[in-house]
Every structure is written in structure tokens, then in C-alpha cells.
Amino acid sequence: MDTKFIDVILPLSLPNLFTYRLPEELNDDIQIGQRAVVPFGRGGKLYSALVKHIHNSPPAEYQAKYVESLLDEKPIVNNKQLQHWDWIADYYIANPGDVFNAALPGALKLASETKILINNEFEGDAVNDLTDREYQIYEALEIRNILNLQEISEILHLKNVHKVVKSLIEKRAIVVEEDLKRKYKAKLIPHVRLTEFANDEKNLEQIFSDITRAKKQLDTLMSFIKLSDRYSDEHQEVKKIDLQKSTNVTSSIINQMVKKNIFEVYDVAVDRISNYQKELIGEKVLNEHQEKALTEIKDQFSEKDVVLLHGVTSSGKTEIYIKLIQEAIERGEQVLYLLPEIALTTQLIARLQKVFGDTIGVYHSKFNENERVEVWNKVLDFEQTKSSQFQIVMGARSAMFLPFSNLGLIIIDEEHENSFKQYQPAPRYNARDASIVLANIHKAKVLMGSATPAVETYWNAKEGKYGLVEITKRHGGVQLPEVLCADIKEATRKKKMKSHFSPLLMELMEEAFKNKEQVILFQNRRGYAPFLLCEECGHVPECKNCDVSLTYHKYSNLLKCHYCGTNKQMPTTCVSCGSPRVTLKGFGTEQIEEELALYFPKIKIARMDADTTRTKNAYHRLITDFEEGSTDVLVGTQMVTKGLDFDNVSVVGIMNADSMLNFPDFRAFERSYQLMSQVSGRAGRKAKRGKVLIQTYDPYHPIIRQVIEHDYNGMYKDEIVQRTKFKYPPFQRIIHFSLKHRDRDVLNEGAREFTNALKTKFGERVLGPDFPVISRIKNQYLKNAMLKVERKISVTKTRELVMEVKNHFEAFSKYKSVRIVIDVDPM
């Protein structure tokens, strides 16, 4: 028989593929895209690697080790995915293992240090379905709680335990440790219904008679019957919270009625799109502007593969997406709907669910690893089963890596968002750009949508590379908001400011509360105050690990570092000179929330930032309360600018526009315009034009004037002039280099050496090295360099030259500990 060899991608950040010899008995079973268990390293540690090539040539440099076993009967990754991975690794100067790690769910990447635990949801009777070996592991886990693969190997006296572990994962008997860290909890809502006893008409009459004197219980039962009328006879159930609110009773009253066998309380999981059971609604009829845009998109698709839909906020872009998705699924194609942040799309998911039911599925990092594997397998099996489940996948950037076989349409909503960019770890890809390449591989179409497109995207559309369709009218005759500007420099001089609120903002908020309308306040800084200052000696407490001031968080009464997480108690005196004259400077969302409550004690205020939305349920609660009108004011960071649609918001306040405008980045003006325009888009409804107030020290700043006039084209033209002059994207490609080391002197010398080597290859295209604004993070000093390359220069050639310089630099023993992070097309 032929001796076969396979080249595999290991789940490690290594630049090369590794070759292994295939045992003869596996020759007929091997396929590209399967996982193979292979030993790697001196200790013979086992990994599940991915088969990339099959051939008959042994490696020249080393003796090939044998493959231990194959984990899959059929490939779990298809050729189109591998082609896409190659492009990502090549363009973003990453290793194949980095892409492999980013693409596959953790449960598909078993390694011998993986920790195994019992799945608490595993039912007792299911133990009978386990084999002897599986039961041995299960029994050992009941005693020891956690095992690694090496320990399992010793228990079974078996070298290769991957197949047994894989089987236990499939039977949902065990989970890997990473699952518990990323445990996804469905949103559970307690519901109330009549018990079987109480549902009988005669018994119900008796119950009414028995509780006549228990007024609150009687009111609750009456309210239940009234509320349940909105449901069909078959499903008479009411949300527990709705029942409590309608009768103003506590949970204890309902619990007493449960004891009397009147009600039963049970939880309903509402966050499972694939299990959507309710009646579907039809597609909405498009208005003339939407119809015109849809026709133009289809016309453009006949000539171009990528189209940009530039529609003002609330112009009804989603309804156009729904029409195109419907046509794609009728053709039997798969659809990928990419969103910048899945946690911020509750409303959109619910909206699409009503149209597509369980045809639409969600894929993101809030799911635990086993659930992600299930989604992966359903998408993988689409071509074979032709099941409509998960034919449409909605997700954040990681959804792009799913094993699509017949992708027909990719929708990239809010394409300008920098959340599509992966920052840590490698590969540092942009899902927007990588999805366009994925569509090209599948011969699919791409529709990008935004009210404020990225300058690069709009330039590509204007140059004819992409199609361009524009909607200038809001849906339903809603007017664009009136944008006003408050000069806080003048208000401060005249002593009219109330803390951080200008007189005009106070007036607008008072009017909104009087009319029972809601308000959104945007401040792009969390915490209470950015820093603490001693008024005697000027000392500012800084992080011991980073060159950055500590931010005060009043809720926890701690000074925190937003880079490394270090925190310390709030001092009452200056740690430098001992003076009690320490004062907080600047303001964050916490301070706005607190001070607003002083001026408007009767209103309900909620805060949405990274501190209040650490769990998905917390986020849902905030959004639901605001939607239902339980909250009057939503104070938040840029989270409030993304994908939210509230009917009753009449005023949006931007607390400080200057911090965005003065950020040291060539995209600062573009981002400021996008953020202010997007948050402005939250204001207004059919009956009344919304108002937006921008607070600034520079009311005549060009960007602020453009936001007031809704002048995207003016901003775009100004940016293009600047970027042409200073050689920035879209005219040049940027590669950013960040060098890190604990020793400042070693870093300085290494950065100089590396940058000089780059300059020998690229000349004046290289800028730096320079210390960034924050020059030390987590006890690592940083130095940055930048390479600007003309678009016409080959990406492959650029990569080869960069890697040549990097490899040569890392060959020096004194620089081996200097870490180089390469970021292509940084955001």
C-alpha cells in the first residue's frame, strides 16, 4: 500500500504546517478538513490538528511522527474555508494556527492540557447510554470534579483518549473548562398560568368564592384573566412581572396562590432563536424610497458583487435586507448577516425572528462551546440535509468562519463600526473586508449598510469598485432630528452651567419629562472621574503597571486602571504630600447619572456602559426597561449609539464632543462624525421631530457644523483632501508595528534596529519608532512604527519583505524577548 503523509495546521501560533505519517489502516479514511490527533513537541503532547494536504512525500528536515487517530468521519472544514483562511493569514501577516484558533469553537480544539468537567445538565438516566470506558471517566469526574486528558489517559490505561472524550462531549455528559468560562445563559422569564385544577370552570368558581376576603389574591386572579385574554385559549399564560405590575402586588402573593393550587409559575427561555414557535408575520410593504433602493441594489448586483447602501438613520434599511434575504433563501442559498456587536442587537434579532422563525440562527461568543459546535454542525450539514434551520446566520465577526457551503448573500450592517476589527489576539482581521473575500470565493453578493459609511468604503463606491445606492428620506415621514449646539465655554464664563449640564440641555430635558418623553445622554467615558488631582502638589495617582492615570469608580469607591484592571482604595489625602485637598477632575457616566438624580429626583435613570452590562441579562434588562418606559433617561457610552431603536426618545444629549474630536488619530474627525450622527439618529418619532444637543467648547468646529447640517458628503470631501495630502487610507495601505519589552533600554535599541531594517526595504514609507501616548501597559514598554504602502504594491511582496525583516530581527539572541505585534489596516 501507498505510504501517505498529511500536512496539518496545529492550534498553535506557528508559521509552518507540520507533516505526519498516516498509519496504513487510515489510508482510506483520510480527507482534507478532518481533525487528526497528532503528537507535537518533546513531551509528545497530543493535539487535534486540521488536515490541510494529503501526499506521498516525507519531510526532508525531520522524521515524520505517526498520526494517532482521526477524530472525524467526514471533514468539519471545507475547501472554501481553507482558501479563506489562507487569504487571512497572508493578508494580515498571521500564522495558520492563529486563524485556526480564531475560526474553530474551542470544543473542536482538544489538547492534552484541556480540563474536563461533568455537565450539570446531564440527566441521571442517560448514564446508562455510556460505554464502559465513558462510564469510567464519568465516575472518576464525580469523585475528582476536574480531570485533564493526561489523567484520563492514566485512568483508562490508554494513550489516545480523544475519541472517548469526543463521544462524551457529543452525549453532553462533559464540558471542557472553557465552556464554563463562556457559559451562555438563556434569558429566562417567569410566566404564570392556571393549574390544571384551576382551569376547570367549576373549580374556578369555587376558588373565587374561597378567596373573596383575600382582596389582593382576588385582584390578582381577576387581572390574570384579563391579561390572558390577549393570548389564545390554548396558551393562557402571563409574564409574572406583568401580573405583578398590573395589580401592584409582590411575588409573595403569587407564591401564596401557587400553594393554593391556583397558579403555577414556570420559566420560559426567550433567547433561543432556533426554537421560535410563535406565528410568523408577513414582510412589510416597502415605501417608494425603499422600493427604488431595492430595485437599484438588484440592478447594481447584476454588474458588481459588492454594493453599499448609504441610508440616513431610520430610513428602513432593515426592511430592504429582509426582502433580499427572502429571495436568497427561496433560491436555496445561505445568508450571513454580520453585526458589529451581537450583544447590542436584541431588537433586530426579535424583529427578524418574527419573519424567518427558526430559519435564522445566532452564532457568537456568549454561547458556550458545545452550543457553538452544534451551530457549526448544522451549518456544515446544510448542503446534505437541505434543512432550513440556520440557513440564515446572524452574528458578530466570528460568524464569518462558519462552514458555509452555498453562501449566496452577506449583509454587513453598520459597516463603519470598528467592532468588526479583531485586535487581540492574532489574526487581527477586519470582518468587513474578509467577508468580501469570502463572498468572492463563494461567488456571493455583499450588501453593506450604514448611515455614516467608512471613508474608505464610500471612496471605493464613488470610484466604481462597489455599487452605491442612497436613501435620503427617513421611513414613515419621520424628520431628521434638529441638531443644536451649546457653547459650554460661554456658559461656564457666565456661570450658567449646572455641573456638566448647559442651560439649554436642562431646558430640553425638563420639556421632555413634562411630556412624558425619554432622554439619552451620551458620554464616551465610563467611571465617575478620569483622574484624581492634588491641588497642593499636582500629584495624579497612576497605575503601577501602566503609564496611565487611575479612573475613579464611585460605585465601588475604587481607583481602577482600564488597561490592566489594577485597582486601589480611594485615598482621603494625597499619597505624595499628605494634603487633604484632593479633587476629582473630568466626568464619566457614573457622575452624570448621580448628578442628574440631584436635579431631577423623580425621574428614573439607567446607565449603560461596560460596568453595568457585564452579563447579557443585565443588558437585556436595561433595554427592556427603557423600551417599556420604566426608565426615563439612559446614560451611556458608545453602546447607546449602536442598533437601538426607541419610539419615545425626543432628546439626545452629547455631553462632551471635544474629547472625541481631539483624539490623536487620523480617523478622529471621521469617528466623531459617525458617533455623533449615530447617537443623533436615536432621537425623533412620527408625531414629533427629535432634538439633539451637542455640548462643546468649540461650537464652530467643522465636524460639529457638518453634524448639525447632516452633511456626510462635506465631511467625506474634507477627509479625502487631508488623506490625499498626508498619504493615509484609502490612498495608502497602513501596517502598524508595536514592539514590547519589560526593559525600556532593550526596547529602544531593538525598535531602532527593527525600524532601520524596515527602512532599508521600504525607505521613507516607514515612520517611527515612537512611544505611543500610553507608553507602558501591563509592565511592558511599547514603541510603535508605521509602514505606509501604495495600493498598487503587491500585498504578497509586502508580506515577504516584512517577514524577512522580522525573522532576521528575531534571529538576534538579545532581541528574542522583544515581542512584535503586526496589525495590517489598523482601525
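Ranked by the mean number of other Cβ atoms within 10 Å of their residues, highest first, the peptides 503-511, 486-494 fall in the order 503-511, 486-494. Checking Cβ-Cβ separations below 4.7 Å across the chain identifies Cys485, Cys564 as cysteines lacking any candidate disulfide partner. Relative contact order of the range 504-625, taken over Cα pairs closer than 8 Å and 6 or more residues apart, is 24 percent.
Any idea how far the Cα center of the range 621-643 sits from the one of the range 568-583, in Å? Taking the Cα centre of the range 568-583 as reference, the centre of the range 621-643 is 36 Å away.
Net charge dipole, the chain: roughly 2580 debye, given to the nearest 20, about the Cα centre with Cβ charges of +1 for Lys and Arg and -1 for Asp and Glu.
What label, among (i) 29.7, 94; (ii) 29.8, 107; (iii) 28.0, 94, belongs to Rg and Dmax of the Cα atoms in Å computed from the structure on display? Matching the structure shown: (i). Under the convention that each Lys and Arg Cβ holds +1 and each Asp and Glu Cβ holds -1, the size of the dipole of the range 718-827 around its Cα centre is about 80 debye. For the chain, the fraction of 1.4 Å probe accessible surface lying on carbon and sulfur atoms is 47 percent. When the Cα positions of Thr551, Ser576, Asn101 are compared along the charge dipole of the chain, Ser576 comes out farthest toward the positive end, with charges on each C-beta of Lys, Arg, Asp and Glu. Sorting 534-541, 762-769 by average packing, meaning the other beta carbons within 10 Å per residue, from highest down gives 762-769, 534-541. Note on Val721/Tyr423: beta-carbon distance plugged into 1/(1 + (r/R0)^6) with R0 of 35 Å gives a FRET efficiency of 0.75. Each helix, a run of at least 4 DSSP H residues, gives -39500 (n - 2.57); summed and divided by the residues of the chain, these come to -10500 deg cm²/dmol at 222 nm. For the pair Thr760 and Gln63, the difference between a 0.36 nm per residue extended length and the Cα-Cα distance amounts to 247.1 nm. Please give the Cα centre distance for the range 369-443 versus the range 473-527, rounded to the nearest Å. Spelled out, the Cα-based centre of one part sits 39 Å from the other. Of the cross-linked pairs Lys323/Lys717; Lys109/Lys421; Lys560/Lys806; Lys239/Lys604, those separated by over 28 Å at the C-alpha level are Lys323/Lys717; Lys560/Lys806. Between Asn779 and Phe731, what FRET efficiency follows from the Cβ-Cβ distance if R0 is 41 Å, with the result rounded to 0.05? Rounded to the nearest 0.05, the efficiency is 0.60. Averaging the sequence gap over all C-alpha pairs within less than 8 Å and six or more residues apart, then dividing by the number of residues, gives the range 323-472 a relative contact order of 27 percent. The residue list Phe812, Leu758, Ser794 was ranked by how far each Cα lies along the charge dipole of the range 732-827 toward its positive end, using unit charges on Cβ atoms, and Ser794 comes out on top. In a simple Cβ point-charge model (Lys, Arg +1; Asp, Glu -1; nothing else charged), the range 413-525 has a dipole of about 300 debye relative to its Cα centre. Once C-alpha pairs closer than 8 Å and six or more residues apart are averaged by separation and normalised to the residue number of the chain, the relative contact order reads 10 percent. Computing FRET efficiency as 1/(1 + (r/R0)^6) for Met803 and Lys494, where r is the C-beta to C-beta distance and R0 is 60 Å, gives about 0.50. Near Phe754: Cβ cut-off under 14 Å, other residues only, Lys/Arg at +1 and Asp/Glu at -1. The net charge is +4. Near Leu218, once Lys and Arg are set to +1 and Asp and Glu to -1 for all other residues with Cβ below 15 Å from its Cβ, the sum equals +2. Per-residue SASA remark: Asp125, around 130 Å² accessible (1.4 Å probe; ligands, DNA and RNA not included). A 1.4 Å probe run over the protein chains yields, for the range 755-827, 54 Å² of accessible area per residue, whole-number rounding. Ranked by the mean number of other Cβ atoms within 10 Å of their residues, highest first, the peptides 565-571, 407-413 fall in the order 407-413, 565-571. For the range 296-332 and the range 50-82, what is the separation of their Cα centres, given in Å? The range 296-332 and the range 50-82 have Cα centres spaced 40 Å from each other.
Extending 7 Å from Cα along the Cβ direction at Asn160 and again at Val795 yields two label points whose distance is 3.7 nm. Of the residues Trp376, Trp459, ranked by 1.4 Å probe accessible area with the largest first, the sequence reads Trp459, Trp376. Accessible area of Lys688 (1.4 Å probe, protein heavy atoms only, ligands and nucleic acids ignored): about 70 Å². Here the chain carries DSSP beta bridges of which approximately 55% are antiparallel, counting only pairs with both residues inside. Between Lys226 and Arg42, residue separation times 0.36 nm minus the direct Cα-Cα distance comes to 59.1 nm. With all protein chains in place and ligands, DNA and RNA left out, the 1.4 Å accessible area ranks His475, His55 as His475, His55, largest first. Extension gain for Arg705-Leu598 works out to 35.3 nm (0.36 nm per residue, less the C-alpha to C-alpha distance).
Placing pseudo-labels 7 Å out from each Cα toward the beta carbon at Glu142 and Val127 gives an inter-label distance of 0.3 nm. The residues of the range 53-99 expose on average 50 square angstrom of accessible surface per residue, using a 1.4 Å probe on protein heavy atoms.
Please give the net charge around Phe513, taking every other residue with its beta carbon less than 10 angstrom from that of Phe513, where Lys and Arg add +1 and Asp and Glu add -1. After counting each charged neighbour, the total is -1.
The values are calculated or read from the model by the stated rules, or taken from the named source; none is laboratory data. Model, not experiment: these values are computed from the prediction. Please note: Cβ atoms are built from the backbone with ideal geometry, for glycine as well, and neighbour counts cover all protein chains shown. To get the accessible areas, we keep the full protein, side chains included, count just its heavy atoms, and leave off ligands, DNA and RNA. Shrake-Rupley method; radii C 1.70, N 1.55, O 1.52, S 1.80 Å.
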